[in-house]
């Protein structure tokens with residue numbers, strides 16, 4: 001039997017990269033799991049399917065359970081300390097340092113890349129701005145640290161034998177940052193969790209964390225200027241005030257805050273279209289909307305270009321501006337719910353597992 005190790009960065013909650021990890025564990029039930037730190041609450045550990053990961057020394061550092069990100073500068077060293085010598089295949093799930101795991105010449109290392117370190121490369125300026133660290137001593141230290149992380153990130157990118165990007169956009173970023181080519185394997189989407197509904201209602205929908213890069217305020221501003229089109233916004237976050245201000249009290253813009261998952265599914269199923277203004281690495285929520293038979297109107301950069309088929313399952317707008325969103329929404333002619341669902345089948349969990357199995361060859 002092929003001996004497999006799966007290397008993940010940190011286990012904190014069941015989010016995007018953990019959804020990928022869950023499918024990796026289901027694909028290779030014999031694999032051992034390694035993670036820099038594991039702080040997942042006991043009630044939320046179902047996606048690990050009984051695995052107890054082997055963790056790094058960061059797990060034992062002071063305050064690491066709550067502030068492990070403060071040890072970013074130690075993470076390259078930590079991942080390099082994992083003893084992986086006994087495995088035939090190492091499969092890493094990486095958005096920071098997991099791809100830097102050290103393997104020998106007789107081992108095969110396949111790294112699934114969610115993104116090169118966003119905050120160390122092209123999004124550094126945005127990260128510093130949003131963190132309020134554009135000036136001062138703390139800013140200078142952070143810039144130095146990110147410079148050091150870039151050097152390690154680029155050098156360690158040569159270690160995996162195979163790179164798999166989660167979208168064509170990430171493959172492009174890999175080529176730009178690391179000078180390497182990557183295959184594309186889209187992340188798995190729980191299509192069964194968003195059953196198809198063909199009978200749509202008249203409202204448009206946004207479901208997102210309200211953080212700056214999601215640009216939800218642009219959508220609110222656009223719909224405030226289109227009082228005949230109802231918009232429902234699901235989500236909460238530090239950008240709530242900006243979103244509310246952009247809506248200008250318009251009666252057609254409804255801020256629902258956080259809603260239970262079952263309610264979110266109902267809203268997704270009933271929407272005339274799902275609107276998305278962020279530049280995402282992939283953007284699973286757009287694929288979930290398509291699974292529910294709902295067209296997507298999205299910013300045409302990032303993973304949206306892999307998900308939305310313009311003119312068939314939605315529309316893409318070229319600029320992150322309220323005007324561009326308005327033009328796309330006004331020009332939207334609708335799309336077949338059946339076509340949207342058929343498009344989403346490309347991202348099923350079963351297809352992901354089969355493609356991963358083929359690439360690993362185990």
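Points worth noting:
- Restricted to the stretch 12-56, and to residues there that are over 27 Å from residue 355 (Cα atoms) and touching a strand residue (DSSP E or B) at 6+ places or on another chain (Cβ under 9 Å), the residue that is surrounded by the fewest Cβ atoms within 10 Å (Cβ to Cβ) is 39.
- Filtering the stretch 73-88 to residues that are surrounded by 18 or more Cβ atoms within 10 Å (Cβ to Cβ) and out of contact with any helix residue (DSSP H, G or I) (no Cβ under 6 Å at 6 or more places or on another chain) leaves 75, 82, 84, 87.
- Of all residues in the stretch 156-174, those that are part of a helix (DSSP H, G or I) and in contact with a strand residue (DSSP E or B) (Cβ under 7 Å, 6 or more places away or on another chain) total 4.
- Qualifying residue in the stretch 149-167 (condition: within 20 Å of residue 288 (Cα to Cα), outside the structural domain of residue 229 (by TED's automatic domain parsing) and in contact (Cβ under 8 Å) with a residue 60 or more places away in the chain): yes
- The one condition from (1) free of Cβ contacts under 8 Å to residues at least 24 places away in the same chain; (2) more than 19 Å from residue 208 (Cβ to Cβ); (3) in a helix (DSSP H, G or I) that residue 333 does not meet is (3).
- Residues satisfying the criterion are absent from the stretch 321-330 (criterion: in contact (Cβ under 8 Å) with a residue 24 or more places away in the chain, surrounded by fewer than 19 Cβ atoms within 10 Å (Cβ to Cβ) and over 22 Å from residue 227 (Cα atoms)).
- Qualifying residue in the stretch 308-319 (condition: under 18 Å from the mean Cα position of the chain (by Cα), on the phi < 0 side of the Ramachandran plot, assigned by TED's automatic domain parsing to the domain that holds residue 291 and at pLDDT 95 or above): yes
- Enumeration of residues in the stretch 219-242 that are at pLDDT 95 or above and either loosely packed, with under 12 Cβ neighbours inside 10 Å or part of a helix (DSSP H, G or I) (or both): 219, 220, 221, 222, 223, 224, 227, 228, 240, 241, 242
- Residue within the stretch 253-260 that is in the same structural domain as residue 222 (by TED's automatic domain parsing) and either buried (at least 23 other Cβ atoms within 10 Å of the Cβ) or closer than 22 Å to residue 172 by Cα (or both) present: yes
- Exactly one residue out of 213, 203 is at pLDDT 95 or above and surrounded by 15 or more Cβ atoms within 10 Å (Cβ to Cβ), and it is 203.
- Condition check for residue 67: out of contact with any helix residue (DSSP H, G or I) (no Cβ under 8 Å at 6 or more places or on another chain) and touching a residue at least 12 places away in the same chain (Cβ under 8 Å): no
- Summed over the stretch 29-58, residues that are within 19 Å of residue 92 (Cα to Cα) and outside any loop (DSSP other than H, G, I, E, B) total 13.
- Note on the stretch 147-174: residues that are surrounded by fewer than 20 Cβ atoms within 10 Å (Cβ to Cβ) and more than 19 Å from the chain's Cα centre (by Cα) total 11.
Conditions tested, residue by residue: (1) in contact with a strand residue (DSSP E or B) (Cβ under 9 Å, 6 or more places away or on another chain); (2) crowded, with 24+ Cβ neighbours inside 10 Å.
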position	(1), (2)
274	yes, yes
294	yes, yes
302	no, no
318	yes, no
335	yes, yes
338	no, no
341	no, no
348	yes, no
356	yes, no
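- Only one of the numbered conditions (1) touching a helix residue (DSSP H, G or I) at 6+ places or on another chain (Cβ under 7 Å); (2) surrounded by fewer than 22 Cβ atoms within 10 Å (Cβ to Cβ); (3) assigned to a helix (DSSP H, G or I) is not met by residue 245, and that is (1).
- Qualifying residue in the stretch 76-83 (condition: over 21 Å from residue 184 (Cβ atoms), part of a helix (DSSP H, G or I) and without any contact (Cβ under 8 Å) to a residue 40 or more places away in the chain): yes
The values are calculated or read from the model by the stated rules, or taken from the named source; none is laboratory data. Because the structure is a prediction, the values reported are computed rather than measured. Because the Cβ atoms are built from the backbone with ideal geometry, glycine has one as well, and the counts that use them run over all protein chains shown.
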